[in-house]
Amino acid sequence: CGRQQIVFVAHSLGGIVVRNMLSSSAPQLRNTDLGVLLVASPSNGSDYATIASWLAKHYPNSFAKEMARNSVTLEDINKEFRAFQKTRSSTNVLRVMELFETRFPSFECDFVIFCSWVTVSLPPIVSTYTAGFFAMAPKRVGDTDHLPIAKPRHPGSETTLDSQAFLQTFVHPAA
């Protein structure tokens, strides 16, 4: 085909970094077909970062504040990436797929007595409200949390199959 093709696979904050990098490198990517697979990337922030942002008031690190839901930083990155998406055409391909988890990470409990009577149902780190803004059909991957969605436990996992299907459509687009 003679055109350069680049596919980015990014998990969590990596998805935000990739989108920001692509937006700021638009002129250099004019003749490049791009694929972006966002895996549990909190494009609109994370409720957990919102909760933890109170720490940012006491420490010289603004990361939690910038990753909080509806932060100005993320709104700017999202706006720039949407503008970048609009500059792409059928000759300058940009395909985006977004996968996100269904549950909060589960942890082993060393305090069996405590864990047996305490059950807390927490929302996933990246949920429907914080992902799925840039793909035509974002996909919630069944029975996954923030870590196994990026590192599936077996090759036949839903994440693996969806990722492979995305890569195949990018490498071998339908006629």
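We did not get these values from a lab; they are worked out from the coordinates using the rules stated. Because the structure is predicted, anything quoted here is derived from the model rather than measured. Backbone-built Cβ (ideal geometry, glycine too); neighbour counts: all protein chains shown.
Aspartates and glutamates near K151 by alpha-carbon distance under 14 Å, same-chain residues fewer than 8 away left out - which ones?
By straight Cα distance, K151 reaches E101, D143, D162.
If the reach is capped at under 20 angstrom between alpha carbons, list the aspartates and glutamates near K86, excluding any in the same chain fewer than eight residues apart.
Within the straight-line cut-off, K86 pairs with D33, E75, D76, E98.
Work out, step by step, the length gained on full extension between K79 and I6: first 0.36 nm times the residue separation, then minus their alpha carbon distance; give nm to one decimal.
24.1 nm is the gain from fully extending K79 to I6.
If Lys and Arg each add +1 and Asp and Glu each add -1, what is the summed charge of the other residues whose beta carbon sits under 13 Å from the beta carbon of E80?
Net charge around E80: +2.
Considering the zone a paramagnetic label at R103 would reach in this model (a point 7 Å from Cα along the Cα-to-Cβ line), which residues of the stretch 130-147 have amide N under 15 Å from it?
141-147
How far apart, in nm, are the 7 Å Cα→Cβ label points at N31 and V93?
For N31 paired with V93, the spin-label model returns 1.8 nm.
Assuming 0.36 nm per residue, please report the length gained on full extension of the stretch T169 to K86 beyond their Cα-Cα distance.
Gain on extension, T169 to K86, equals 27.8 nm.
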